[in-house]
Structures are given as C-alpha cells and as structure tokens.
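One structure below.
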C-alpha cells in the first residue's frame, strides 16, 4: 500500500525560500582589491617565476649566452625597437591582418556552419572535409597560397581563412548539436523558421559552443598568420611579428628571437583577455552559469 509522507510546515517554507533564493540570485561585483588579488596577482606571480627561472638558468651558464640570453638582453632588444619607433608598427601590421582576416573568417564560416548543421546531405559531404581541414597545419597552405596568389596580402588572408573557417564552422555545428530540441520546437510554434529561426532561436541557443568555436578560430587565425609571415618575405608585405622573428633568426640574434616570441604570445593573450573573456563571462552570467559573490 502506498504511503505518503508529510513534512512540517517550517521545512516546506525553508525549501521554498531556498528555491526562491536560487531563482533570484544576482551576480554581485567583488571589491576591486579582491578582484585584483584574484585575477591580476596570480599571472603576475607566474611571470615573475618564469623570469626568475630564466635568470637562474642564465646565471648558472646552462648554455652559452648566444643560445640563452638573459631577460635583460631581451629587454634591451625591446627598448631598441622602441627607440627606433618601429615597435608599434611591427605589432600593428600583424594585429590588423589577424583581426581583419578573423572577421572575414567569421562572415564565411558562420553560414557554412549553419548549413552543415541543418542540412543532412551537406553535413555528410562537407562535415568530414571541415574536420580534416581543421587538423591540417596552417603552414601547409603557405606554399600553395604563394603559387596561387603570389607573395602579397591576398596570400596572407587566404592562409588565415583556410586555417580559421573550419574551426568557426565546426564550433557552430557543435553548438547547434547541443541545442535542446524543445527550443527548436518552441521556435517553430511561434513561427520562427528559416533565417528568422536561425537568428532568434538557433544562434542564441548555440551561443556557448559558437563562442568556443570563435575563440579557436582566432587562435587558428593568429597561428596561420604567423606561419605565413615566417615563410613569405616581400618588401610589399611590410614588417610584421612573424617576419621580424624570422629576420632575427637569420641574423642569429637570439635576444630578438625571444622578443618576437614574447610579443606574439602577448598579443594572443591580450586579444583573448580583452576580447573573448568579457564576452564569454557576459554570456555565462546571462544564463545564470556565472555568479560571483562578495
């Protein structure tokens, strides 16, 4: 015989209060000092640790100075570019190419991802190709792009697109695959079909996966550009970070080589922290997945 249990009124009210608190939880901003300790201090300490280990290896003479210069030598290479007035032009040449190529890849990769995710014959035909292209090293496209387009900016952008478009498209496909079917059914019920449904239902629901694909697409864009700048050389291309790195390698300037690596890494990290991280946090917070308390 089925039995029923009754709970005291106070317990029921406590459960309801707890559920209400969960539903109305609001993200609160932490104090500035706490935010600095949590977000700024750890990476600063990490950088200081790397510099200390680097300086220690240099001081112990683990290898010759021409193979492992000191952090001071790299700093001098940086200040030399600063005093020449070429530091920001070198960085900007690569950043502009990387960002503009990435935006073009978003424009191309997004509709491709939508088609592959929504049309089964296209998915069967194109899906494996996109996965294969995503695993192909970007530098492999440089010789072909040079033959097709010559050593110019068009070649650079072609390499970026070939590296980034598959990642963006696959990220969107993955995001759409994770959308609950009830969302799509609800959209069709209110008449959101075709492009309207994709804009107002499908893309917003797939946003976390799409955003992950965009982050990966930027990483592929940046790596593809560096590969192209390392291999292709022409006065018409200007001096970007990849070309600067290769020039220092040709002159056996290890301090300059390490500086080029540091600058490439710094730009990649800055774009992620200043561009993608705030968007990602906003998306997660809007969905109740990121709640910070004092």
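Summary table below
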read-out: Subset of the range 144-164 [free of Cβ contacts under 8 Å to residues at least 40 places away in the same chain and more than 18 Å from residue 93 (Cβ to Cβ)]; value: 144, 147, 148, 149, 150
read-out: Only one of 96, 148 that is modelled with pLDDT of 90 or more, in a helix (DSSP H, G or I) and more than 20 Å from the chain's Cα centre (by Cα); value: 148
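Listed here are the residues, each with its yes/no results for (1) at pLDDT 90 or above; (2) crowded, with 16+ Cβ neighbours inside 10 Å; (3) part of a helix (DSSP H, G or I); (4) in contact with a strand residue (DSSP E or B) (Cβ under 8 Å, 6 or more places away or on another chain).
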residue: 220; (1), (2), (3), (4): yes, yes, yes, no
residue: 228; (1), (2), (3), (4): yes, yes, yes, no
residue: 245; (1), (2), (3), (4): yes, yes, yes, no
residue: 249; (1), (2), (3), (4): yes, no, yes, no
residue: 255; (1), (2), (3), (4): yes, yes, yes, no
residue: 258; (1), (2), (3), (4): yes, yes, yes, no
residue: 265; (1), (2), (3), (4): yes, no, yes, no
residue: 274; (1), (2), (3), (4): no, no, yes, no
residue: 282; (1), (2), (3), (4): no, no, yes, no
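Conditions (1) assigned to a helix (DSSP H, G or I); (2) within 30 Å of residue 175 (Cα to Cα); (3) out of contact with any helix residue (DSSP H, G or I) (no Cβ under 6 Å at 6 or more places or on another chain); (4) in contact (Cβ under 8 Å) with a residue 40 or more places away in the chain, marked per residue:
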residue	(1), (2), (3), (4)
43	yes, no, yes, no
57	yes, no, yes, no
72	yes, no, yes, no
75	yes, no, yes, no
102	yes, yes, no, yes
107	yes, yes, yes, no
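The values are calculated or read from the model by the stated rules, or taken from the named source; none is laboratory data. In this text the structure is predicted, and so the values were computed from the model without any measurement. As a convention, Cβ positions derive from the backbone with ideal geometry for all residues, glycine included, and neighbour counts pool all protein chains shown.
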